[in-house]
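Every read-out reported here was derived from the displayed coordinates using simple, explicitly stated rules and does not represent laboratory data. Computed from a predicted model, the values in this text were never measured in an experiment. So basically every Cβ, Gly included, is an ideal-geometry build from the backbone, and we count neighbours across all protein chains shown.
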């Protein structure tokens with residue numbers, strides 16, 4: 001996909017922020033600008049378009065734009081300079097491409113390497129009844145005890161993912177909080193003698209609620225990447241169920257694809273699965 005040239009970018013007619021969403025229009029505009037700043041569209045120290053230009057771009061009032069810029073300033077993405085033509089400078093010394101994408105073909109290798117480069121805050125480490133939802137994921141009874149670990153991961157002092165991991169009680173009772181602070185739960189599962197051979201994973205999106213938004217330093221209603229994974233051993237038992245929320249401005253998934261021209265109807269397939 002080509003990159004917009006700045007001149008044409010400024011004059012393109014963009015859709016008006018939706019009035020049907022629960023998220024206020026100024027927050028929608030702030031989210032768009034934040035994505036552009038973190039994605040490297042603007043350089044650190046560069047002045048954003050004036051409020052009047054942004055009002056035309058988004059087809060909203062200057063007051064709505066001003067509230068969006070004030071939110072970005074509160075989040076430290078921009079620096080506002082009142083009294084100087086309403087200039088707004090980008091504060092993004094590390095802006096640019098997001099961290100390396102996660103290839104599905106090398107999922108666990110990437111995950112384990114990443115674990116050593118991040119800081120972890122353990123929010124929960126306990127034994128709880130599985131309940132209706134998790135029991136369906138672990139294929140156990142709702143009143144069965146399971147080990148639950150909730151961890152917040154940071155890169156450069158910024159939260160980028162929230163991990164909630166569930167494992168059967170007979171495996172998780174051997175874990176210590178010190179271990180889950182320093183190692184992936186999957187490694188601890190395998191250390192208990194589980195021969196992990198496959199996993200089923202689903203990727204979707206969800207919106208941050210007030211608790212998640214506060215933990216991950218994002219807005220209520222902001223989009224998050226939601227990854228859910230069930231891990232199986234060689235007896236086809238689910239030995240780990242994990243749900244992960246990622247901030248999309250801090251992380252992304254990439255999928256290597258290969259064109260299959262051998263079939264009658266050409267199609268794209270995940271590399272290595274043609």
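Here are the numbers for this structure:
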read-out: Residue 154-residue 63 pseudo-label distance in nm [points 7 Å out on the Cα-to-Cβ vector]; value: 3.9
read-out: Shape of the stretch 166-272, Cα gyration tensor, a/c cut at 1.5; value: oblate
read-out: Nearest-0.05 FRET efficiency for residue 196 and residue 144, computed from C-beta distance (R0 22 Å); value: 0.60
read-out: Euclidean distance between Cα centres, the stretch 218-238 to the stretch 152-196, Å; value: 13
